[in-house]
1. I'd like to check something: does the range 177-191 contain any residue that is under 19 Å from N90 (Cβ atoms) and not hydrophobic (A, V, I, L, M, F, W, C)?
2. So which of T200, T206, T175, T152 is in the same structural domain as E83 (by TED's automatic domain parsing) and touching a His at 6+ places or on another chain (Cβ under 6 Å)?
3. Output the residues belonging to the range 264-281 that are aromatic (F, W, Y) and modelled with pLDDT of 80 or more.
4. Across the range 91-126, what is the total count of residues that are part of a helix (DSSP H, G or I) and charged (D, E, K, R)?
5. Kindly indicate which of A82, A88 is at negative phi, surrounded by 22 or more Cβ atoms within 10 Å (Cβ to Cβ), in the same structural domain as I183 (by TED's automatic domain parsing) and part of a helix (DSSP H, G or I).
6. Check off (1) at pLDDT below 95; (2) within 26 Å of Y326 (Cα to Cα); (3) among the small types (G, A, S) for A41 and give me the number that stays unchecked.
7. So, A230, is that one in the same structural domain as A132 (by TED's automatic domain parsing), modelled with pLDDT of 85 or more and over 18 Å from T72 (Cβ atoms) or not?
8. Whether any residue in the range 102-109 is crowded, with 22+ Cβ neighbours inside 10 Å, out of contact with any Leu (no Cβ under 7 Å at 6 or more places or on another chain) and more than 24 Å from V57 (Cβ to Cβ) is what I want to check.
Amino acid sequence: MDPLYTTTDDPNDSMENISSNFTDSYNNQFVQPVWQVVVWAIAYCSIVIVSVVGNIVVIWIILAHKRMRTVTNYFLVNLAFAEASMAAFNTVINFVYSVHNEWYFGLGYCRFHNFFPIAAVFASIYSMTAIALDRYMAIIHPLQQRLSSAETKLVIGVIWVLALLLAFPQYFYSTTAELPGRIVCYIDWPEYKIWDFKLTYQICVTVLIYILPLVIMGVAYLVVGLSLWASEIPGDCTDRYREQLTAKRKVVKMMIVVVCTFALCWLPYHVYFLLHMFHPDLLEERFIQQVYLAIMWLAMSSTMYNPMIYCLLNDRFRAGFKQAFYWCPFVPEGSYKSLELKTTRYLQTQISMYRVSRMDTTVSTVLPFGTPDDTTEPAREEEPGCLRHTAVDLSPNGSTRDTHSKTTPPPSPTTTWTSED
């Protein structure tokens, strides 16, 4: 992330111009009263504590419970890791540099400081995009094959490779310089007569880590929302189908809240830097420091909201947080057993009823939906509608005849539901 002021911030300026700006116009104009520094320090440190603790608990809830390891939750692990890392390694450093306008941490960390946030934000938002596309495929195209565990990990690896490649220019061109009385960390962008490399890069970053993924997620969730909420539930559907539809709505609603929160938190940041690109004189205004600190706080705070959203909108995560903080006196006792899912993602067709008659034998196969819980995904999810009942009639001569009915009769008392891990 670029630093704040023209004296350190404008990589298009030469070091002579930077030094001149420092001696002629800076004159400690951005020095804040102690009470303001304390208030901002508390605000930024609260982000680090809440984000790191909350996201580590999210990772523990998913990885420590085998049946929580679903496609959606693997991407949530990646999202939590990226957000916790950015909060731990960049938030406080960014605050210190913004307040003092002096770099204390050396060239190596200067490069990391400008490099890692871009990669982390890219990994975060494309993890959300992957979840949106996975939900789209599960609900709109339920018969298509879903991602396996290995394929999901491969997608996460590709996301991080692309993130590192996108952020690499910020690492490569980052450097430090010594000004009168202080050291600054800035990005020394190359200057070409043909094109403005810095402007092109900043626009590409804004499109790739904000505009494009938000458009993709917006379209995906719009289609999914119309499918889940616009159609009426048929009156002859089973209770299990209604529970499954409710579960789908819950997880989609939770992810829409996550995406909207991210978009709102990062919108002022991208607007600020685009304005800076076209109106660099704004950075010379005295009030800009407070504006920048507020915008940066809002952007960094996006790393701490997701664990709260999971806890509020998801029963499984709520149970996990209660288990993690059971020692706190104000945390109500919860049911840890609710973390144990009834079924897992990979469900095979189970033979549920056997009816034997004198004339022929009919084996009725019920295709169960996945667990009604909102943190698992069945291997095959039906489109809105009722469960189908498939009957295979075995005639005495060994031939088979398929019959289908649109509704599923209630299972007999001998029906058993099984699942495989």
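1. Among the residues of the range 177-191, at least one is under 19 Å from N90 (Cβ atoms) and not hydrophobic (A, V, I, L, M, F, W, C), which makes the answer yes.
2. T206
3. Scanning the range 264-281 gives W266, Y269, Y272, F273.
4. Looking only at the range 91-126, we keep the residues that are part of a helix (DSSP H, G or I), and these are 91-100, 106-126.
So of that shortlist, the ones also charged (D, E, K, R) come out as 111.
Here the count works out to 1.
5. Just a single option satisfies the conditions, and that option is A82.
6. Unmet for A41, out of (1) at pLDDT below 95; (2) within 26 Å of Y326 (Cα to Cα); (3) among the small types (G, A, S): (2).
7. Considered against the rule, which asks whether it is in the same structural domain as A132 (by TED's automatic domain parsing), modelled with pLDDT of 85 or more and over 18 Å from T72 (Cβ atoms), A230 comes out as no.
8. The first filter runs over the range 102-109 and keeps only residues crowded, with 22+ Cβ neighbours inside 10 Å, leaving 103.
Next, from what is left, pick out any that are out of contact with any Leu (no Cβ under 7 Å at 6 or more places or on another chain): 103.
Within this subset, residues satisfying the condition of being more than 24 Å from V57 (Cβ to Cβ) are 103.
Yes: one or more hits.
The values are calculated or read from the model by the stated rules, or taken from the named source; none is laboratory data. As the structure is a prediction and not an experimental result, all values here were calculated from the model. In this analysis, Cβ positions are derived from the backbone assuming ideal geometry, glycine residues included, and neighbour counts consider all displayed protein chains.
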